[in-house]
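This report refers to the structure that appears directly beneath it.
Read-outs: derived from the displayed coordinates by stated rules, not from any lab. Since the structure is predicted, the reported quantities are computational estimates derived from the model, not experimental observations. Here Cβ is always computed from backbone atoms with ideal geometry, including for glycine, and neighbour counts include all displayed protein chains.
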Amino acid sequence: MTIPEGAFVVLLGPTGAGKTTTLRLISGLEKLDQGEISIGGRVVNKETPAQRDVAMVFQQYSLYPHLSVRDNLAFPLRSPMLKTPEVEIERKIAEVASVLQISDKLDNKATQLSGGEMQRVSIGRALVRNPSIYLMDEPLSSLDAKLRTELRVELKRIQATLGATLLYVTHDQIEAMTMATHVGVLNHGRLVQYGSPREIYENPNSVYVASRLGLPRINILPAELFGLTGNGAAQIGMRPEQIRQGSGQPAEVIRVEHLGDQTRLHLKLQGHDITTLVDPHVTYDVGSNISIEPNDPLYFDDNGNRIF
Amino acid sequence: MIAGLELPTSGEIYLDGEEISQRPPSQRDIACVFQMFALNPHMNVRKNILYPLVSLGMRRADIKAKVAEVSNILGINDILDRPTGGLSGGDRQRVALARAIVRDPKAFMMDEPLGALDAEFREHMSEELRALHDRMKATTVYVTHDQLEAMQMGDKIVVMNNAVVEQFGEPQEIYDKPATMFVADFIGSPSMNFLRFEGAVQKGDNSVTLSGIRLAVPKQLQDLQGDLVFGVRPEQISFTDDGAYRGLVLAVEYLGTTQIVTLETPNGDLKARVNSSQVINVGDRVGLNFNPATITLFHEQSGRAIVSELNSGVLANG
């Protein structure tokens with residue numbers, strides 16, 4: 001996997017896929033069994049974390065509880081390896097605090113902050129440095145939805161403004177879609193597809209990759225349900241926008257979920273579950289039938305690999 | 001207060017027609033599920049589940065049957081003899097649920113039951129909970145700060161702010177017809193856009209003027225003036241080449257089927273949700289159309305929605 005300079009690369013995958021492990025290998029917190037890691041053209045396999053010049057943000061804020069926000073932010077700059085002059089430290093802290101909107105909390109003790117503020121300090125502690133790469137492990141997942149949306153936009157803006165290189169781990173696909181320049185999909189330790197969010201969404205190379213992005217999840221059904229076997233197609237994938245209503249096979253309405261801006265319709269078609277999106281203001285009765293058919297679906301063989 | 005873990009200082013609580021506000025928890029037929037599971041650490045799974053039935057004095061054979069039934073429903077047969085210690089968050093929550101269900105109570109109180117589960121698993125578990133509810137038809141009061149969870153799970157939603165009920169209604173209703181700016185902002189992601197302007201509204205008006213441009217709204221049923229807010233949801237905004245009210249595109253976020261476009265307008269920033277097939281670039285200047293039938297006007301100081309033909313039915317209920 002190559003992470004270009006200035007890229008925002010998101011590693012996407014479920015628990016156990018190897019996302020955090022990859023991050024820890026790059027940072028040097030974990031030892032490689034085989035292979036090579038190079039940063040800026042330099043092979044770093046034998047280097048310690050401190051030597052690799054990476055900055056890391058963890059899922060659990062990990063602030064120094066006995067220090068103030070200011071001192072938490074200053075800590076990495078005061079390390080004997082960097083030996084930053086105090087004047088420079090002050091300047092850096094002010095700049096980062098302003099960008100993360102925590103300037104008024106600088107003198108608070110690290111424990112006197114809300115969850116969102118703690119996470120911002122945690123991110124700030126990485127941003128005060130200018131490493132080759134920032135490594136972030138699900139930094140927003142323990143925050144409530146509203147704060148997550150705000151910080152998502154802020155992080156993207158900071159990264160774009162600083163031109164920073166970022167490797168970001170998440171299982172949240174909205175984060176992947178909106179923030180990434182590149183998405184790396186992991187499956188049990190293997191990188192199965194690497195490309196822009198749009199590519200991964202529109203052109204997945206397998207059922208697994210297709211299922212990683214898209215809310216609600218893509219519907220994977222036997223191709224024969226709609227008579228679409230041929231050329232080795234065993235399964236078809238239909239996202240809501242690839243399902244046409246009004247003709248095709250009858251499906252029973254099992255549940256109607258009103259989410260405000262969209263309504264999710266849960267259907268059953270010959271024993272298969274299908275979820276699609278419909279206009280919020282049309283009424284669907286549970287137990288009634290609607291006709292559906294695929295509209296330019298994705299085709300997969302029986303190993304789950306994409307054919308066309 | 002409903003479960004009896006706190007006593008109200010005033011007011012009444014009726015469960016199945018009976019007033020229970022001063023009764024201790026043990027005398028209310030209500031089972032609770034908490035965020036931190038609260039399993040008995042020194043008992044194994046089976047014991048945790050049958051304990052409440054033992055306390056109720058149920059017969060052994062009946063207890064055995066009940067536990068079997070409930071562990072089948074929750075799919076925890078294979079962990080019944082395990083200690084609670086090594087269980088995953090999801091399994092612990094299933095055990096907590098089993099312990100609550102086994103009593104067959106009149107109602108369940110669930111306090112952020114998914115809060116301690118890892119984010120990915122939460123989605124799966126919320127589907128499980130909803131399916132469980134549908135199967136058992138159990139009256140449930142469910143607390144969450146996650147508005148999406150509320151919309152997905154609830155038949156009805158009570159939106160609370162500072163100990164006051166701001167709105168009580170079906171998910172689609174409170175989404176389409178928010179009673180206050182707090183509700184409008186809290187439900188929906190991205191939240192409702194608020195365009196602020198100074199103006200006056202009179203009974204019978206069907207438009208307002210923002211930065212000199214007239215925008216259509218549902219027929220207003222109140223007289224009000226001062227600092228007002230024009231509320232429009234992201235998916236109710238569309239772009240047009242001509243169009244008097246204009247915005248400057250600040251950011252575009254691709255979400256697969258749709259994209260979120262952030263724009264700067266004369267009355268503030270707003271977010272629009274449009275189809276991904278539309279080509280939009282940062283820096284574009286576009287005309288904006290707001291779907292008139294969906295607009296809610298608010299009075300800034302009180303935060304309350306101005307009564308109109310759109311929401312008069314809903315606001316009448318309080």
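In terms of Cα to Cα distance under 12 Å, which aspartates and glutamates are near enough to B:Lys203, apart from those fewer than 8 places away along the same chain?
Partners within reach: B:Asp223, B:Glu309.
On a C-alpha basis, how far is the centre of the stretch A:115-142 from the centre of the stretch A:237-256 in Å? Whole number, if you could?
Rounded to whole Å, the Cα centres lie 42 Å apart.
Sort the stretch B:144-263 into rounded, prolate or oblate with this rule: let a ≥ b ≥ c be the square roots of the eigenvalues of the Cα gyration tensor; rounded if a/c is under 1.5, and if a/c is not under 1.5, prolate when a/b is larger than b/c, oblate otherwise.
Because a/c hits 1.5 or more and a/b fails to exceed b/c, the stretch B:144-263 counts as oblate.
Summarise the partner chain shielding of B:252-261 as one whole number: the mean count of Cβ atoms from other chains within 10 Å of each residue's Cβ.
6
If I take every Cα pair under 8 Å that is 6 or more residues apart in chain A, average their sequence separation and divide by the length, what percent do I get for the relative contact order?
Once normalised by length, the contact order is 19 percent.
Please label the shape of the protein assembly as shown as rounded, prolate or oblate, based on the square roots a ≥ b ≥ c of the eigenvalues of the alpha-carbon gyration tensor (a/c under 1.5 means rounded; beyond that, a/b larger than b/c means prolate, else oblate).
rounded
Highest mean first, what order results for B:91-101, B:188-198 on Cβ atoms within 10 Å?
Per-residue mean Cβ counts within 10 Å order the peptides as B:91-101, B:188-198.
Counting each DSSP H run of 4 or more residues in chain B as -39500 (n - 2.57), what helix-only mean residue ellipticity at 222 nm follows after dividing by all residues, to the nearest 500 deg cm²/dmol?
Result for chain B: -7500 deg cm²/dmol, rounded to the nearest 500.
Counting DSSP beta bridges with both partners in the stretch A:8-209, what percentage is antiparallel, nearest 5?
30
Among all the lysines, which ones have a C-alpha under 20 Å from A:Lys92's C-alpha, if same-chain residues fewer than 8 places away are not counted?
A:Lys83, A:Lys105, A:Lys109, A:Lys156
Two decimals is fine: what is log10 I(q)/I(0) at q = 0.10, 0.11 Å⁻¹ for chain B, from a Debye sum with one equal scatterer on every Cα and no solvent?
-0.73, -0.82
When we measure straight from the Cα of A:Lys31, which aspartates and glutamates land under 14 angstrom away, once same-chain ones fewer than 8 places off are left out?
Correct list for A:Lys31: A:Glu47.
Whole-Hz Karplus ³J(HN,Hα) for the stretch B:140-152, in order, using 6.51 cos²θ - 1.76 cosθ + 1.60 and θ = phi - 60°, x for Gly and Pro?
9, 10, 10, 9, 7, 9, 8, 5, 5, 4, 4, 5, 6
If the elastic network links every pair of Cα atoms under 10 Å, which of A:Tyr194, A:Tyr284, A:Tyr134 fluctuates the most in the Gaussian network model of chain A?
Result: A:Tyr284 has the largest fluctuation of those listed.
Summarise the partner chain shielding of A:141-154 as one whole number: the mean count of Cβ atoms from other chains within 10 Å of each residue's Cβ.
Other-chain Cβ atoms within 10 Å of each residue's Cβ, averaged: 3.
Using the Kirkwood radius over C-alpha pairs as Rh, can you work out the diffusion coefficient of the stretch B:1-63 via Stokes-Einstein at 20 °C, viscosity 1.002 mPa s, in µm² per second?
Estimated diffusion coefficient is 155 µm²/s.
Pop out the ³J(HN,Hα) list for the stretch A:270-280 in order, Karplus 6.51 cos²θ - 1.76 cosθ + 1.60 with θ = phi - 60°, rounded to Hz; leave Gly and Pro as x.
Per residue, the Karplus-derived 3J(HN,Hα) values read 6, x, 9, 7, 10, 10, 9, 10, 9, 4, x Hz.
Ratio of alpha-carbon Rg to the 2.2 N^0.38 Å globular estimate for the stretch A:1-146, to two decimals, please.
Its radius of gyration relative to the 2.2 N^0.38 Å reference: 1.09.
In a Gaussian network model over chain B where Cα atoms closer than 10 Å are linked, find which of B:Glu18, B:Glu112, B:Glu166 has the largest mean-square fluctuation.
Highest fluctuation among the options: B:Glu18.
Could you work out [θ]222 nm for chain A from helices alone, using -39500 (n - 2.57) per DSSP H run of at least four and dividing by all its residues? Round to the nearest 500 deg cm²/dmol.
Taking each H run of at least 4 residues, the total per residue is -7500 deg cm²/dmol.
Taking neighbour counts of Cβ atoms within 10 Å as a proxy for exposure, in what order, fewest first, do A:Arg157, B:Arg103 appear?
Fewest-to-most Cβ neighbours within 10 Å comes out as A:Arg157, B:Arg103.
Which whole-Hz couplings ³J(HN,Hα) result when phi for each residue of the stretch B:158-174 is put into the Karplus expression 6.51 cos²θ - 1.76 cosθ + 1.60, θ = phi - 60°, listed in order with x for Gly and Pro?
Per-residue couplings from phi come out as 10, 9, 10, 8, 6, 6, 10, 7, 7, 6, 9, x, 6, x, 5, 5, 6 Hz.
Going by the alpha-carbon gyration tensor, a ≥ b ≥ c the square roots of its eigenvalues, is the stretch B:14-155 rounded (a/c under 1.5) or, if a/c is not under 1.5, prolate (a/b greater than b/c) versus oblate?
oblate
Placing one identical point scatterer on every Cα of chain A and ignoring solvent, what is log10 I(q)/I(0) from the Debye formula at q = 0.06, 0.11, 0.12 Å⁻¹?
-0.27, -0.78, -0.87
Round to the nearest 10 and give me the degree value, 0 to 90, for the angle of helix A:115-127's Cα axis relative to the longest principal axis of chain A.
Compared with the principal axis, the helix lies near 60 degrees.
Amide H of A:Met136 versus every other amide H placed in the peptide plane: which residues, excluding those fewer than 5 positions away on the same chain, fall under 5 Å?
Correct list: A:Val57, A:Leu167, A:Tyr168, A:Val169.
Fewest to most neighbouring Cβ within 10 Å: what's the order for B:His145, A:His182?
Fewest-to-most Cβ neighbours within 10 Å comes out as B:His145, A:His182.
How much of the pair distance distribution for the stretch B:194-316 lies past 22 Å, counting alpha-carbon pairs only, in percent?
Value for the stretch B:194-316 (Cα pairs over 22 Å): 35 percent.
Relative contact order of chain B, please, whole-number percent, based on alpha carbon pairs below 8 angstrom and at least 6 residues apart.
13
Most exposed first by the Cβ proxy, i.e. fewest other Cβ within 10 Å, how do A:Lys31, A:Lys105, A:Lys19 rank?
The most exposed by this proxy come first: A:Lys31, A:Lys105, A:Lys19.
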